[in-house]
1. Got a number for residues in the range 85-114 being out of contact with any Leu (no Cβ under 8 Å at 6 or more places or on another chain) and either on the phi > 0 side of the Ramachandran plot or not in a helix (DSSP H, G or I) (or both)?
2. In the list M304, M335, M351, which residue meets the criterion of being of a type outside the set (K, R), modelled with pLDDT under 95, closer than 28 Å to T169 by Cα and touching a helix residue (DSSP H, G or I) at 6+ places or on another chain (Cβ under 9 Å)?
3. Just one of (1) under 27 Å from G200 (Cα atoms); (2) modelled with pLDDT of 95 or more; (3) assigned to a loop (DSSP other than H, G, I, E, B) trips up S49, so point out which.
4. Exactly one condition in (1) in a loop (DSSP other than H, G, I, E, B); (2) at pLDDT 95 or above; (3) under 21 Å from S115 (Cβ atoms) is not met by S62; state its number.
5. Would you pick out the residues in the range 162-211 that are open to solvent by 20 Å² or more (accessible area, probe 1.4 Å) and not in a loop (DSSP other than H, G, I, E, B)?
6. Across the range 233-267, which residue is farthest from G199 (Cα to Cα) among those that are part of a loop (DSSP other than H, G, I, E, B) and among the small types (G, A, S)?
7. Every residue in the range 138-161 that is part of a strand (DSSP E or B) and surrounded by 18 or more Cβ atoms within 10 Å (Cβ to Cβ), please.
8. Taking the options I339, I270, I281, name whichever one is outside any helix (DSSP H, G or I) and of a type in the set (V, I, T).
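The values are calculated or read from the model by the stated rules, or taken from the named source; none is laboratory data. None of these values were measured; they are calculated from a predicted model. Cβ: placed from backbone, ideal geometry, glycine included. Neighbour counts: every protein chain shown. Note: areas computed on protein heavy atoms with side chains; ligands, DNA, RNA excluded. Shrake-Rupley method; radii C 1.70, N 1.55, O 1.52, S 1.80 Å.
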Amino acid sequence: MAPSAHPSSSPLLTSKEEEKYADVKWDELEFALVPTDYMYVAKYKQGESFSEGEIVPYGDISISPCAGILNYGQGLFEGLKAYRTEDGRITLFRPDENALRMQTGADRLCMTPPSPDQFVEAVKQTVLANNKWVPPPGKGALYIRPLLIGTGAILGVASAPEYTFLIYTSPVGNYHKASSGLNLKVDDKHRRAHSGGTGGVKSCTNYSPVVKSLIEAKSSVFSDVLFLDAATGKNIEEISTCNIFILKGNIVSTPPTSGTILPGITRKSISELARDIGYQIQERNVSVDELLEAEEVFCTGTAMVLKAVETVTFHDKKIKYKTGEEALSTKLHLMLTNIQTGVVEDHKGWMVDISS
């Protein structure tokens, strides 16, 4: 499949600078697949260690019809981004956290993962191989998708005898293109995860069950869906692909990652930044009633980074929240993106420079 190639439209790029970039209309990037040149592939076979892995041309892969991923959904994925700074460096945001999260997920799904060191090194290799696809500063990011999938043939329900660790990339723009805040619908019929399940890891099987609710919500002009807990149906948990926070007074609250909610890396980072500027962070159960009484609501995730929620609709009640320049969500978004894009010095040790 050929990349979606277009002439660069940015008047800020000189002809020499354009040689560093792929032929893409950077100003028109959306959160959609733009295939890049290369991907990383490593294999594991039962009783052996993961292969060293190699960079190969991006393309289709061949697996058995009896593969664990196809028959039993034995698969995990991660998502992280590479950024190009104003001074031309290429950086990664907290790749070690994604490596550790894949370890946790692999343990839950009885899979053999690559080591954290191999994970991070593989991400670096993949980004550097596709360096011309990292957007110019301020034009987006290179989204990185590591996959760990059961590719070995297995007929009965069991751990696959072979795994493939694969990483591909795509330049992306904003996940939600609209500049205004999100308009969420609370889904009180379907449940995303239950205690003891896989809601707390990034299992491939977590995501297709939310699509029906998401399509129905978007057909009614909502941005996304907010799911409730399976145990009581009274507490908020996650949006379809991201974490949620509420603000009231000086307290920022977010549901706990106690097995049904993914421990988001952006979530963790935003909590730390909010604490740095004097807010109290609480990880606790948050009821729908508290959500409806909040002053601000915002969502976090690798794809969207941080996005304010403008409205929440629950049954026939629609609540509007504070957004705009004075909102905490705006301040936190700027703080995080300034670190990610190198506008301010990274005192957190979050960014990994891979330019050299």
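1. Keep residues of the range 85-114 that are out of contact with any Leu (no Cβ under 8 Å at 6 or more places or on another chain), which gives 85-89, 91, 96-97, 99-101, 103-104, 107-108, 110, 112.
Filter again for either on the phi > 0 side of the Ramachandran plot or not in a helix (DSSP H, G or I) (or both), leaving 85-89, 91, 110, 112.
Number of matching residues: 8.
2. Working: M335 fails: modelled with pLDDT under 95; M351 fails: modelled with pLDDT under 95.
When all the criteria are applied, what remains is M304.
3. Single failed check for S49: (2).
4. (3)
5. Selection gives E162, Y168, N183, K185, C204, T205, S208, P209, V211.
6. Kept after step one, since they are part of a loop (DSSP other than H, G, I, E, B), are these residues of the range 233-267: 233-234, 240-242, 249-250, 255-264.
Narrowing the set further to residues that are among the small types (G, A, S) leaves 233, 240, 249, 258-259, 264.
Working: G233: 16, S240: 11, G249: 30, S258: 9, G259: 6, G264: 12 Å.
The qualifying residue farthest from G199 (Cα to Cα) is G249.
7. Correct list: A141, L142, Y143, I144, P146, L147, L148, I149, G150.
8. On the way: I339 fails: outside any helix (DSSP H, G or I); I270 fails: outside any helix (DSSP H, G or I).
Answer to the selection: I281.
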